[in-house]
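Each remark here refers to the structure printed beneath this line.
Laboratory data are not the source of any read-out in this text; all were calculated from the coordinates shown. Worth saying up front: this structure is predicted, and the values here are computed from it rather than measured. Heads up, the Cβs are rebuilt from the backbone with ideal geometry, glycines too, and the neighbour counts pull from every protein chain shown.
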Amino acid sequence: MDFLFYMGDVFTPINFGLLLLGTIGGLILGATPGLSPTMTVALMIPFTFKLEPQQGLILLGAAYTSTVAGGAVSAILLKIPGAPANIATTLDGHTMAQKGQGAKALQVSFIASAIGGLFGVFLLIFLTPVLANWALAFGPSELFWLAILGVTVIGTLDSSSVVKGLLAGCIGLWLATIGFDDIMGAQRFIFHPAVSGGINVIPALIGLFAIPQVITMFAKGRKGTDAEIITVKRHPIGAAFREVLGRKRALSIGTAIGAIIGLIPGVGGQIAGLVAYDQSKKISPESEKFGTGHPEGVIAAESANNAMVGPSLVPLLTLSIPGSPTAAVLLGGLLIHGIFPGPTLFTQYPQVVWPFINSMLIGQILMCVFGLLIAGWAANVARVPPAVMAAVVLGLAVFGSYSVQHSMGDVYVMMALGLAMFFLERFGFSAAPLVLGLILGPIAEANFMQGSMIANATVGKLAYFFTGWLNWLLIAIVVSSIGYSIWMELRQRRTPQEEGATT
Amino acid sequence: MSDLPRTQHIAASGLIAAIGISVAYISFTQEPAGAFVFPRLISSVFAVLAIWTFAKAVLGRTKVGAGISGSEMRNLLPGLMIALIYAFWAAKELGFYTATTIAFFILLTLYDPAPHGQAQTWIKRVLITAGFMAVMYGLFAGLLNVFTPREFFS
């Protein structure tokens with residue numbers, strides 16, 4: 001019950017103020033189509049430099065939680081998901097809004113999000129220390145395989161093409177080797193002075209997530225937001241609570257599926273929401289109502305995508321392996337404060353990690369309260385023309401990258417990586433595995449080199465890296481995730497061909 | 001992939017394959033070899049996957065990625081040019097606040113759907129730019145104490 005000991009830290013004036021700021025700001029930014037939680041958190045990292053690590057993480061955690069929930073606002077009122085995690089919410093949420101039940105849909109969505117989110121954070125609280133103790137048994141070979149696992153799982157499960165996902169992961173791993181070698185001090189791949197010190201993670205994250213979005217907005221040309229915002233009529237909050245709590249099946253399915261999916265590295269909120277929606281539909285006796293504005297659809301999707309948030313941080317905090325792109329960005333936020341997550345995090349920095357986790361718990365409640373209060377108003381941010389949004393994000397990206405080390409080199413790296421990522425995305429590559437490769441590269445290399453030295457002095461490399469049940473378990477997960485993704489890809493390709501043959 | 005821009009895929013994957021092969025070549029030829037053990041491992045996989053992707057593109061078997069259409073390219077080019085000039089030249093040479101003000105206003109003018117002929121539109125654009133710059137100055141100069149390159153007009 002360590003978390004209770006640090007609960008008071010969340011309520012200091014500065015920490016609570018930052019929690020409020022992150023929650024309200026996250027709700028508004030989450031409601032803005034095109035601003036994903038990952039990009040929002042990446043753009044917020046520079047603002048945490050002057051803060052204490054505890055304060056910075058509270059701000060980032062609150063922003064992460066509420067941007068996921070805030071995405072439901074534009075999903076319901078505009079039929080534009082604020083984030084990929086809210087895709088399933090549009091299916092019934094927007095139909096409810098069209099029927100004049102916009103306020104009810106928003107209230108149901110925020111209440112379900114908070115319940116799912118609370119469950120997810122409790123899972124994080126109780127699971128993380130147990131896993132952290134277990135992770136103490138990990139040696140260099142296991143940590144090496146774990147880093148490779150992080151890249152391959154995201155590379156295969158988060159990408160539309162297995163080969164391109166793995167290739168993006170490799171590009172990220174290669175980018176991580178640029179700069180000076182830690183052991184011999186040799187220069188590696190320094191083709192421009194801007195990268196002589198290696199690629200700094202924060203400008204890279206900003207570039208990889210924000211710049212492609214800016215260029216995508218440019219690509220749309222002189223367009224305004226043509227989506228019609230549905231106005232919301234008043235709806236009693238008590239009735240919304242009764243609605244959510246009365247639909248226990250959808251709520252429990254959404255929460256359980258979201259929490260389980262969150263624990264699996266690489267499987268994001270988008271999948272959690274869609275799987276929960278699909279399973280609720282299959283099990284519900286009112287399955288025919290799904291898609292016609294049924295509250296169960298909103299409850300299942302929203303409870304799932306917020307239940308995923310807490311568990312997605314478990315691999316990050318215990319093994320320093322980010323389970324999702326947003327967790328990778330949070331890792332960047334930890335690293336700039338000199339905190340390296342892993343099994344010893346809870347013993348070395350309990351004053352940082354417990355208030356952070358506790359703030360996510362309180363943040364879920366605040367998110368629900370403020371979501372209910374400002375949801376209707378927050379939808380208006382979707383009226384902001386993409387031109388303004390693109391220019392704002394570009395300005396923030398340049399300033400944010402520069403502020404990391406007061407270096408123009410970081411701005412160049414940010415812009416170059418962002419530009420390259422825009423084109424890579426257009427050819428089927430995904431930013432997530434590249435980011436994971438960039439972040440996990442140093443972990444993989446350090447443990448590979450350390451393991452190689454131990455192996456050379458003892459049993460030899462092959463025996464060291466390929467013996468022991470834990471090594472084999474990790475290798476098996478790597479191989480099966482690749483195999484499963486290839487099988488899924490082949491099956492998806494075969495299905496349209498078979499459909500074409502029958503027609 | 002009849003509807004996919006095959007030429008674009010060939011060019012893009014060809015470029016990635018060239019980078020992959022170069023990285024592998026450098027990894028296996030540079031000294032000290034001890035510093036390149038991990039890059040050798042990574043670059044071998046990188047090169048194989050990149051060549052695989054290139055071969056698929058050449059054979060027309062690329063399944064994902066819609067490429068970039070001509071109209072999208074025409075739309076994005078002016079904004080992209082402004083963004084690149086801003087980040088790679090103007091921010092340093094003119095100073096961050098001056099360059100950001102100019103870039104922000106130009107981008108707004110280029111992509112704002114409001115008609116250019118109305119005075120109201122221009123007043124709105126100036127006000128949005130001024131508001132944004134005030135927030136940026138407050139945040140970065142006031143709150144974060146970020147010292148940016150000397151301003152052109154200072």
Self-check item: Tensor-based shape of the range A:261-357 (alpha-carbon gyration tensor, a/c under 1.5 rounded, otherwise prolate or oblate)
Solution: prolate
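Sort A:148-155, A:99-106, A:253-260, B:9-16 by the packing proxy (mean of other Cβ within 10 Å over each peptide's residues), most packed first. Spell out each step's value before the answer.
On the way: A:148-155: 27.8, A:99-106: 22.8, A:253-260: 26.2, B:9-16: 20.1.
Top of the packing list down: A:148-155, A:253-260, A:99-106, B:9-16.
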Quiz item: Using the alpha-carbon centroid of each, what span in Å lies between the range A:62-127 and the range A:302-360?
Solution: 22
Self-check item: Radius 13 Å from Cβ of A:ALA75, net charge of other residues (Lys, Arg +1; Asp, Glu -1)
Solution: -1
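Roughly how crowded by other chains is peptide A:162-173, in terms of the mean Cβ count from those chains within 10 Å of each of its Cβ atoms?
Values: counts 1, 7, 10, 1, 6, 11, 2, 4, 11, 8, 1, 7.
Whole-number average of other-chain Cβ neighbours for A:162-173 is 6.
Rounded, prolate or oblate for the range A:281-334? Axes are the square roots of the Cα gyration tensor eigenvalues, ordered a ≥ b ≥ c, and the cut-off for rounded is a/c under 1.5. Intermediate results must be reported in sequence, preceding the final value.
Values: a/c = 4.97, a/b = 3.36, b/c = 1.48.
Cα axes put the range A:281-334 in the prolate bin.
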Practice problem: Counting helices only, and only those DSSP H runs with n ≥ 4, report the 222 nm mean residue ellipticity of the protein assembly as shown as the sum of -39,500 (n - 2.57) divided by its residues, in deg cm²/dmol to the nearest 500. | Solution: -23500 deg cm²/dmol
Quiz prompt | Charge dipole (chain A, unit charges on Cβ, about Cα centre) - positive-most of A:LEU470, A:MET39, A:SER284 | solution = A:SER284
Exercise. Could you pull out which residues in the range A:70-93 have an amide N less than 11 Å from a spot 7 Å beyond the Cα of A:ARG383, following the Cα-Cβ vector?
Key: none
Quiz item: So what's the angle, to the nearest 10 degrees on a 0 to 90 scale, between helix A:237-246 and the longest Cα principal axis of chain A?
Solution: 70
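Can you tell me what percent of all Cα-Cα pairs in the range A:342-413 are more than 17 Å apart? Don't skip to the end; give the middle numbers.
Numbers: 1799 of 2556 pairs.
Here the long-distance tail beyond 17 Å is 70 percent of all Cα pairs in the range A:342-413.
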Quiz item: Taking the highest mean first, how do the peptides A:60-67, B:34-41 order by number of other beta carbon atoms within 10 angstrom per residue?
Solution: A:60-67, B:34-41
Self-check item: Residue-averaged beta-carbon neighbours from other chains (10 angstrom radius) around B:121-128
Solution: 1
Quiz item: trypsin sites (Lys or Arg not before Pro) within the range B:79-154: which are DSSP loop residues with at most 16 other Cβ atoms inside 10 Å?
Solution: B:ARG150
Quiz item: What does the highest-first list of A:68-78, A:16-26, A:458-468, A:39-49 look like by mean Cβ count within 10 Å?
Solution: A:68-78, A:39-49, A:16-26, A:458-468
Self-check item: Charge dipole (debye, nearest 20) of the protein assembly as shown; +1 at Cβ of Lys and Arg, -1 at Cβ of Asp and Glu
Solution: 1220
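Indicate the gyration tensor shape class of chain B (rounded, prolate or oblate), computed on the Cα atoms with a ≥ b ≥ c the square roots of the eigenvalues: a/c under 1.5 is rounded; otherwise a/b larger than b/c is prolate and the rest oblate.
Details: a/c = 3.88, a/b = 1.58, b/c = 2.45.
Oblate is the answer for chain B, as a/c is 1.5 or above yet b/c matches or exceeds a/b.
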Self-check item: Averaged over A:402-408, number of beta-carbon atoms from partner chains that fall within 10 Å
Solution: 4
